[in-house]
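Novice: So that we are looking at the same thing, I have put the structure below in structure tokens.
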């Protein structure tokens, strides 16, 4: 069995390459290392690919998603995980055309090539909770300890897939991902592809790059380690995120590929059990690193969530053999250990 993983050198792609290789799949990766161009040298993922190709038998192709060369790779694949993306919503404001080309057009091009050349294989699309834009901020929150919590008890376990995506600001990243998300659903419903969208919260792990505009967890740890000032954007640091390790996400994708449910959209993140505010993360990071965080407060970023927890009831119902295994302490410890080796 062969699997094609786009963005194979990225955070999610790396864990998918490792998991499927360990389970006997032949892994084909496509990655043109665009993140190094988007975020600079600190964001370059080439060393991730160098590492996993030393440890695993990964076939990597340094080509663009929209390159016709990808058709031959699609033809010989038994499943696809589409993890390639421009992943930063603040960066998308600066490069909206590049963001659209990579996220929206790149996904549509891939879907169309699958439709024409290998119609019946499972297709996983890595979407984002940013498809909901500012909608979560329309709810009322109160401060509880070092975090926000919703006043409305109906959402205390998180937002489900019924949350509206309309009539709010998204940033170009959110818009391009909405387009890609809906195209994925449409190709399943209209053309019969075995495709589904996974609307991910905060994904992290040791392969994440510590850059300010993406992957906040390793960047926070990096700032604790180097003693430099950390800028916290908006909400006083009380904003809440649900964190999921990319290895847990990869396991979910494997479950989907075993039993596809075409046309579905799933909210997926660390849920209530792995939820944490930025201020609360300082406690864990300071304990692990032994260093005190230095931070100041900056204006909030456009369309940034005050509070986000993914309600994963739907995905757990559809895939009961899957669950979150890796807790927050393990996540931050792993990141610290990885950064200590650099």
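Novice: Sort 93, 28 so that the residue with the fewest other Cβ atoms within 10 Å of its own Cβ comes first and the one with the most comes last.
Specialist: Lowest to highest Cβ neighbour count: 93, 28.
Novice: While we're here: Under a plain spin-label model, where a point goes 7 Å from the Cα along Cα-to-Cβ, how far apart in nm are residue 231 and residue 76?
Specialist: 4.6
Novice: To the nearest 10 degrees, how steep is helix 106-117 against the longest Cα principal axis of the chain, on a 0 to 90 scale?
Specialist: 30
Novice: Next question. Have a look at 229, 213, 49 and tell me which one the Gaussian network model of the chain (Cα, springs below 10 Å) gives the largest fluctuation.
Specialist: 229
Novice: Which angle between 0 and 90 degrees, to the nearest 10, do you get for helix 216-226 versus the longest principal axis of the chain when only C-alpha atoms count?
Specialist: Orientation of helix 216-226: about 50 degrees from the principal axis.
Novice: Relative to the longest principal axis of the C-alpha atoms of the chain, give the angle of the C-alpha long axis of helix 246-258, reported between 0 and 90° and rounded to the nearest 10°.
Specialist: The answer is roughly 30 degrees.
Novice: How do 54, 199 rank when sorted from fewest to most other Cβ atoms within 10 Å of their own Cβ?
Specialist: Ordered from fewest to most neighbouring Cβ atoms within 10 Å, 54, 199 come out as 54, 199.
Novice: What residue among 178, 131, 144 has the largest mean-square fluctuation in a Gaussian network model of the chain, using Cα springs under 10 Å?
Specialist: Answer for the Gaussian network model of the chain: 144.
Novice: Let me ask something else. To make sure I understand, if each residue's beta carbon is the centre and we count other beta carbons within 10 Å, what order do 100, 332 fall in, fewest to most?
Specialist: The order, fewest Cβ neighbours first, is 100, 332.
Novice: Measure off 7 Å from each Cα along the Cα-to-Cβ vector at residue 292 and residue 190, then give the distance between these two points in nanometres to one decimal.
Specialist: 5.9
Novice: Please work out the Cα center distance from the stretch 105-137 to the stretch 212-264, rounded to the nearest Å.
Specialist: 20
Novice: Something else about it: So between residue 255 and residue 337, what do we pick up on full extension, going 0.36 nm a residue minus the alpha carbon distance?
Specialist: Net length gain for the segment: 26.6 nm.
Novice: Once the convex hull of the alpha carbons of the chain is built, what does its volume come to per residue, in cubic angstrom?
Specialist: About 123 Å³ per residue, rounded to a whole number.
Just so you know, all these numbers are worked out from the coordinates, no wet-lab data involved. Just so it is clear, the model here is predicted, and its values are computed rather than measured. Glycine gets a Cβ as well: all are built from the backbone with ideal geometry, and neighbour counts include every protein chain shown.
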